[in-house]
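Q: Dumping the structure here so I can ask a few things about it.
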Amino acid sequence: MRQTINVNWRFIVAILTSMLTLTANGADSVAWKAEAVADTDSTGRIVVTASVAEGYHFYSFAPDGGHNSLEIKAEGNEAVLSTGEPTASVAPEKHYEQSLGGELSSWSEDVSFEIPFSYATDKGYKIALKIRYQACDNTSCLTPKTVALTVSGNGYTEEDGNAGEGSAAGAAVDGDGGALTTNAQIDTQLWEPVKTATPTADQSPWAILVLGFLGGLAALLTPCVWPLIPMTLSFFLKQKKGGKFNKGALTYGGAIVIIYLVLGIAITLIFGAGKLNELSTNAIFNIIFFLLLVVFAISFFGAFDIKLPQKWSNAMDSKAESTSGIISIFFMAFTLVLVSFSCTGPIIGTLLVEAASQGNIIGPALGMGGFALGLAIPFTLFAFFPGMLKEMPKSGGWLNSVKVVLGFCELILSLKFLSVADMAYGWRILDREVFISLWIVMFVMLGLYLLGKLRFSHDEKKEHVGVGRFILSLFPLAFAVYLLPGLWGAPLKACSAFVPPLETQDFNLYTHETKYVEFSDYDEGMEYAREHGLPVLVDFSGYGCVNCRNMEAAVFDTDRVRGMLAEKYVVIKLMVDDKKELTRPMEVTAAGNSYSLGTVGEKWAFLQSYKFGANSQPYYIVLDNAGQPLTDPVYYDNNVDKFMEWLSTGLERYEAR
């Protein structure tokens with residue numbers, strides 16, 4: 001029996017919004033310092049003071065602080081016998097968060113926190129503090145930060161605990177401008193910031209527009225959008241007055257475009273194009289998107305229906321009926337956007353993230369503009385020519401088939417997002433051969449469904465297969481055959497951007513005669529290059545980076561590029577979303593700011609942003625043995641000739657030094 005689920009979309013939006021981090025600016029929103037105060041010979045208090053910049057606030061402890069609540073953790077050496085929970089000097093202020101649809105608590109004024117502790121009297125104590133917080137102003141939020149502080153006392157020395165001499169005021173040491181200090185064993189000179197030109201993505205704006213347009217046309221066939229066609233015709237027949245009919249149709253189409261375009265630009269301005277691009281490689285985001293697509297796929301298979309609350313669409317529809325002229329047409333367009341969101345949401349989300357690889361607002365704006373055009377043009381034509389409705393097929397068995405096909409497509413696409421998280425966390429549950437095997441099965445099942453050999457409970461039984469369904473079935477079945485050699489290591493360049501990389505495959509008959517030296521550690525690679533007198537190609541990549549996989553298949557996997565890299569270069573490939581924990585957390589102070597880097601990915605993401613001022617992948621740059629750039633960096637560019645010319649330029653400049 002089919003069930004109907006009315007989803008609380010405000011709740012879903014709140015959860016997703018809280019998990020997305022907004023673009024950070026360079027200002028210090030909250031300054032932290034800590035000191036230890038001894039109350040008796042064996043007890044004391046850690047006093048942590050937060051100085052809040054004007055116009056900012058930071059969220060309180062869980063649960064009142066929401067998803068990015070304040071966390072203060074204390075960990076002491078052997079001399080510390082116990083530590084208590086932090087208490088605030090003043091209560092946080094409660095206020096309603098419009099974007100999250102709920103009441104949260106935060107501090108907007110300076111506040112201090114006390115943490116009681118006890119210690120052995122015969123040893124010096126040292127306590128490491130880890131503070132995680134998120135600060136916001138009235139318009140946006142900064143990226144959540146982690147600050148590391150230490151306090152010590154009772155005559156603490158290195159023999160009492162961790163190496164290094166502590167201080168009673170455990171604030172991080174201020175840097176002198178861009179100077180870098182860290183507890184990690186690295187060559188800080190190789191990490192020093194350099195001036196580079198800003199690279200631009202080579203993805204054609206026309207390609208983004210066309211992809212968005214195709215997405216809009218695909219959305220027209222979704223079960224949420226198709227029933228809106230007769231509603232549109234009914235509305236315009238009621239609105240028709242003299243010669244105003246055509247003008248109203250154009251206004252309607254324009255309103256749809258404007259609403260979607262404003263939506264795309266607003267999301268980009270709030271989150272930032274660079275942050276949207278980071279999200280495409282973020283493991284948690286990819287898990288959420290995987291689950292979302294699976295839920296939509298199950299819904300399209302007929303297990304249940306996902307609908308917006310009826311009162312939302314009814315309210316907008318009544319507005320359209322009660323008003324007149326341009327306002328009523330606008331409300332009708334808004335009703336279409338609102339009602340269709342249940343089916344178009346996954347398309348829009350994927351489109352925005354992929355278009356954000358441009359690194360600016362143009363990509364998402366073009367993508368959403370193309371999507372809106374693809375969706376608006378048919379509805380505008382329906383409003384122009386009511387007679388077209390008679391020629392349109394009615395909702396029925398064919399629309400259910402479209403739903404099931406879309407369900408297969410979303411299930412197939414969902415594996416790509418799960419694969420990103422799998423590689424980032426090193427779970428190894430979805431290696432390349434497992435991924436390809438699942439895809440083969442799904443594409444075969446899709447082909448069988450189109451041929452009528454696989455049916456769901458609500459599908460009509462067909463005595464024969466139409467020519468159209470037969471032709472369509474050839475594509476998924478042929479693609480399944482194409483995927484088969486991938487189980488033995490074939491590169492599968494047509495879909496290399498989606499399947500996991502070859503190094504995750506256990507059985508691989510596809511090997512290169514030419515191999516180049518590649519390091520996964522920046523300092524080790526730079527040391528090797530210095531000893532052998534070779535320039536360095538630094539490749540900032542990510543497990544979830546689609547364009548990175550495209551570059552590896554289309555450029556790095558060619559004999560010309562591999563040959564030059566093997567003979568003339570040392571390659572350092574750094575994965576910025578690697579969730580593997582560092583052996584020891586890396587505490588870094590740069591330009592007066594303190595950072596605690598706990599994973600390999602955080603370390604390389606910090607290196608990219610600190611040294612090169614960039615945060616998007618792929619990002620390629622050629623360095624000399626002192627860590628200075630020999631070329632301007634480039635992002636995605638799958639033109640082999642241009643990439644070879646760029647490598648040759650870097651080599652010539654290295655040899656001319």
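The values are calculated or read from the model by the stated rules, or taken from the named source; none is laboratory data. What you see is a predicted model, and the numbers here were worked out from it, not measured in a lab. Counting neighbours? That spans all protein chains shown, and the Cβs are built from the backbone with ideal geometry, glycine included. The area values use the complete protein model at the heavy-atom level, side chains included, leaving out ligands, DNA and RNA. Shrake-Rupley method; radii C 1.70, N 1.55, O 1.52, S 1.80 Å.
Q: Just checking, does the stretch 474-486 include any residue being in contact with a helix residue (DSSP H, G or I) (Cβ under 9 Å, 6 or more places away or on another chain), β-branched (Val, Ile, Thr) and in a loop (DSSP other than H, G, I, E, B)?
A: no
Q: Which residues, counting only those in the stretch 578-589, are surrounded by 20 or more Cβ atoms within 10 Å (Cβ to Cβ) and of a type in the set (A, V, I, L, M)?
A: MET586, VAL588
Q: Continuing with this model, one more query. Would you tally the residues in the stretch 590-604 being among the aliphatic types (A, V, I, L, M), open to solvent by 10 Å² or more (accessible area, probe 1.4 Å) and not in a helix (DSSP H, G or I)?
A: Residues meeting the conditions: 2.
Q: Also: Do you know which residues across the stretch 528-538 are open to solvent by 10 Å² or more (accessible area, probe 1.4 Å) and either without any contact (Cβ under 8 Å) to a residue 60 or more places away in the chain or on the phi < 0 side of the Ramachandran plot (or both)?
A: If the condition is that a residue be open to solvent by 10 Å² or more (accessible area, probe 1.4 Å) and either without any contact (Cβ under 8 Å) to a residue 60 or more places away in the chain or on the phi < 0 side of the Ramachandran plot (or both), then TYR528, ARG530, GLU531, HIS532, LEU534 are the ones that fit.
Q: Kindly indicate the residue of the stretch 411-467 that is hydroxyl-bearing (Ser, Thr, Tyr) and at pLDDT 80 or above and also farthest from ALA283 (Cα to Cα) among those meeting that condition.
A: Only one residue tops the list, namely TYR449.
Q: Okay, moving on. Give the residues of the stretch 262-281 that are at pLDDT 65 or above and either surrounded by 19 or more Cβ atoms within 10 Å (Cβ to Cβ) or in contact with a Lys or Arg (Cβ under 7 Å, 6 or more places away or on another chain) (or both), sorted by residue number.
A: Result: GLY264, ILE267.
Q: Step by step: first the residues of the stretch 453-470, then only those that are among the small types (Gly, Ala, Ser) and assigned to a loop (DSSP other than H, G, I, E, B), then the one that is least open to solvent (accessible area, probe 1.4 Å). Which residue is that?
A: My answer is GLY466.
Q: Right, next: Right, LEU607: more than 30 Å from ASN286 (Cα to Cα) and outside any strand (DSSP E or B) or not?
A: Taking the combined requirement at face value, the residue does not satisfy it.
Q: Let me ask something else about it. Restricting attention to the stretch 415-438, which residues are without any contact (Cβ under 8 Å) to a residue 60 or more places away in the chain and of a type in the set (S, T, N, Q)?
A: Hit for the stretch 415-438 is SER437, nothing else.
Q: Any idea how many residues of the stretch 554-577 are open to solvent by less than 10 Å² (accessible area, probe 1.4 Å) and aliphatic (A, V, I, L, M)?
A: Total meeting the criteria: 7.
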